[in-house]
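Just so it is clear, none of the values below were taken in a lab; they were calculated from the coordinates. Worth saying up front: this structure is predicted, and the values here are computed from it rather than measured. All Cβ positions, glycine included, derive from the backbone under ideal geometry; neighbour counts span all protein chains shown.
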Amino acid sequence: MCLNRVILLCLILLASGVNISAQNCENTIKKCKTPDKSYKVSATSRSIKMRRGKKSRIVLNAYQNREYYFSAYAVKKAGKLQFRIIDAESNKILYDNSSDEMNDNKLFTVTATKKLYIELLAPNWMSKNTYECAAFKIAYRKL
């Protein structure tokens, strides 16, 4: 009988839309800075759970003659996010915001179509938690 009550309670919570996970980061992307209306937000943009000491990687197929706007956001406890733009073919770092005062946004022009990796790290982690919410927004416009 007790098991039936537990199952019933779980079903009620799920049906009511109550989030029973410890941390839901899905709307964190809304906290990233957004460029002007001439840019289109890419489906590659992500809300993510950053983990202490671990990198997150986003794969982006960047197309010729487009200007990309990158914006990073993390909750205060995770510290400022470091992000690197890496050429996937040569593994060359094209941009690293750690050499740009940890700037949280960047305009980036692509003259030839290429696959890019965007690596996200939280080098100034201040949280006692294992995970914290972060986001990386990618927007683009044709030149």
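The gain in end-to-end length when the D100 to Y131 segment is fully stretched comes to 8.6 nm, 0.36 nm per residue minus the alpha carbon separation. Basic side chains Lys and Arg get +1 at the Cβ, acidic Asp and Glu get -1 at the Cβ, and with that the dipole of the stretch 23-142 about its Cα centre reaches some 400 debye. Take the Cβ atoms of R57 and D36, set R0 to 22 Å, and the FRET efficiency comes out at 0.20. When V59, V75, V41 are arranged by Cβ crowding within 10 Å, least crowded first, meaning fewest neighbours, the order is V59, V41, V75. When the C-alpha to C-alpha distance is required to be over 28 Å, the pairs from K40/K115; K55/K137; K77/K142; K37/K114; K30/K142 that qualify are K77/K142. Using a Förster distance of 22 Å, how high is the FRET efficiency between Q64 and A88, based on the Cβ-Cβ distance and rounded to 0.05? Once the sixth-power term is evaluated, E becomes 0.90. Among the GluC sites (Glu not before Pro) in the stretch 29-124, those located in a DSSP loop and surrounded by at most 15 other Cβ atoms within 10 Å of their own Cβ are E89, E101.
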